[in-house]
Amino acid sequence: MVIGGGIAGTAAALALHKAGFEVTVHEAHPDTGADIGAFLTLASNGMHALAQLDAAAPVADLGFPITGMSVIDETGARLAAIPLGEHERPLTRYRCLRRADLGAALQDEVRRRGIRIRHAARLTTVTESATGATATFADGSSASADLIVGADGLHSAVRAQLDPAATGPDYAGQRVFYGYTTAYDFTAHDFTTDELTADATPPPDAQDRITMVRGSGAALGYLVSPAGETFWFARVAGPALTAQEITGTTPRQWRDQLLPLLRPDRTPAADIVAATGDRLMATNALHLRPGNRWHSRRIVLIGDAAHAASPATGQGASMALEDAVVLAKALRDADTPGAALDSYEQHRRPRAERNLTVSAQLTASRTTEGDQAPGSTAPQARDSERPAARLDEELLQLLDWDAELPRTPRPA
Ligand SMILES: Cc1cc2nc3c(=O)[nH]c(=O)nc-3n(C[C@H](O)[C@H](O)[C@H](O)COP(=O)(O)OP(=O)(O)OC[C@H]3O[C@@H](n4cnc5c(N)ncnc54)[C@H](O)[C@@H]3O)c2cc1C
């Protein structure tokens, strides 16, 4: 039984079904899922994990691919222009897509394969015995299974009961703004100077690239879709937004907060924000601390429920997809559920918590200096700090559906 029909939960359902298990997904939301309207970037490792579940193609139909990243400073000077991930192959390219579209596509795929999703099923309690676990829902119903997979996200109810001592999620130190605009004309911006276009690499504002602006007052990343729509996000250090601020602040008020931070710089950031109308929202960057409990005998956590990271590395969704593949392989191949859950945790915790720690460090740096394109690496981040944007051999073996899990867990 999977609790949560988000990215981790749907992927886990696909993976467990592929491994031969009977699965039901219980999702709290009455229709597709909870969402704040933001977009995300799926990195090559996430797309590769989806490919192991034969689910990369429906996702590759969504959004648009990103093959490179440019980084500019507050003067508009380009600091780096680098290829992103496995850009050579269409199915493992980074993709920018709306989070709600990804969730809906994965739920469609789950249903298409005959896996049941029960909506409006909000888990309230879980209990377990030596042979199974039982979930009780807010509507008074209950269901039992051999195993409960807690994929119920950042504020996981399963985590709260599996590990009552676990704290968080905590505020990571940055407010995150998201916006979409069709009114920003990137072709007209004088940012495309000779200095930036003189070499063979495409200009930073070309389509299929993400541009990271390391501004003096805020970090802003933007992408231009093939339809000419600019997707952008900004991260700003400061105290946490209150719930009332998040719901009660108008897009115009958010713009008024952001623009003074962006205007002093010679970059497109302020013009992009100024050109954004009502499709502008803000939230707090939240994260868990490493070290919480991941599983008991018959209950296991995946995705944000286990290791929610702040958005700086842009790897949350991709890590959730990796979890799903590894958990299903472990359950498929191990002799007992206990051995499978131990193996899953050994293989996943170092990598997932490394991402959590790096993202927290970048977020807490309070400058735009360490900022990263989603899922990729800041040029000045040390190699040892880089989440894998390219797929190394160990990761490929870990995710390879047809291969057994390695006996020795991969290093972080
Ligand atoms: C604004 C924002 C931007 C992000 N940008 C990126 C990015 O660029 N790249 C990236 O890789 N990641 C990004 N992330 C992170 C990414 O969205 C998460 O890591 C990913 O969604 C985790 O998937 P999940 O399934 O674990 O959790 P979720 O997607 O949150 O899904 C959890 C599901 O569980 C359901 N649920 C919750 N409680 C219960 C309950 N009690 N009972 C039943 N169901 C329940 C919810 O309704 C939801 O459908 C971003 C996150 C945010 C908030």
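Remarks
- Inside the range 105-128, residues that are open to solvent by less than 50 Å² (accessible area, probe 1.4 Å) and either of a type in the set (S, T, N, Q) or part of a helix (DSSP H, G or I) (or both) make up a count of 5.
- Subset of the range 80-104 that is of a type in the set (A, V, I, L, M, F, W, C), closer than 18 Å to SER44 by Cα and open to solvent by less than 20 Å² (accessible area, probe 1.4 Å) - its residue that is farthest from the ligand (Cβ to nearest atom): LEU84
- All positions within the range 127-144 that are near the ligand (Cβ under 10 Å from one of its atoms) and either under 11 Å from ILE3 (Cα atoms) or touching a Gly at 6+ places or on another chain (Cβ under 9 Å) (or both): ALA135, PHE137
- Residues of the range 140-160 that turn out to be more than 24 Å from the chain's Cα centre (by Cα) and open to solvent by 40 Å² or more (accessible area, probe 1.4 Å), as a count: 4
- Number of the condition not met by ASP335 [criteria: (1) part of a loop (DSSP other than H, G, I, E, B); (2) touching a residue at least 24 places away in the same chain (Cβ under 8 Å)]: (2)
- Looking only at the range 1-30, and only at residues there that are surrounded by fewer than 23 Cβ atoms within 10 Å (Cβ to Cβ) and within 6 Å of the ligand (Cβ to nearest atom), the one that is modelled with the lowest pLDDT: HIS29
- Of all the listed residues (LEU162, LEU123, LEU147), the sole one being touching a strand residue (DSSP E or B) at 6+ places or on another chain (Cβ under 8 Å), of a type outside the set (Phe, Trp, Tyr) and near the ligand (Cβ under 10 Å from one of its atoms) is LEU123.
- Which numbered condition GLY314 misses (of (1) at positive phi; (2) at pLDDT below 90): (2)
- Top-ranked residue in the range 297-317 [being open to solvent by 10 Å² or more (accessible area, probe 1.4 Å) and over 15 Å from GLY168 (Cα atoms); ranked as farthest from the ligand (Cβ to nearest atom)]: ARG297
- Residue match in the range 276-286 (condition: open to solvent by less than 10 Å² (accessible area, probe 1.4 Å), closer than 21 Å to SER44 by Cβ and within 9 Å of the ligand (Cβ to nearest atom)): no
- Residue match in the range 245-256 (condition: more than 25 Å from ARG99 (Cα to Cα) and either touching a residue at least 24 places away in the same chain (Cβ under 8 Å) or surrounded by fewer than 24 Cβ atoms within 10 Å (Cβ to Cβ) (or both)): yes
The values are calculated or read from the model by the stated rules, or taken from the named source; none is laboratory data. Keep in mind that what you see is a predicted model, and the values were worked out from it rather than measured. So basically every Cβ, Gly included, is an ideal-geometry build from the backbone, and we count neighbours across all protein chains shown. These accessible areas exclude ligands, DNA and RNA; they are computed on the full protein's heavy atoms, side chains included. Shrake-Rupley method; radii C 1.70, N 1.55, O 1.52, S 1.80 Å.
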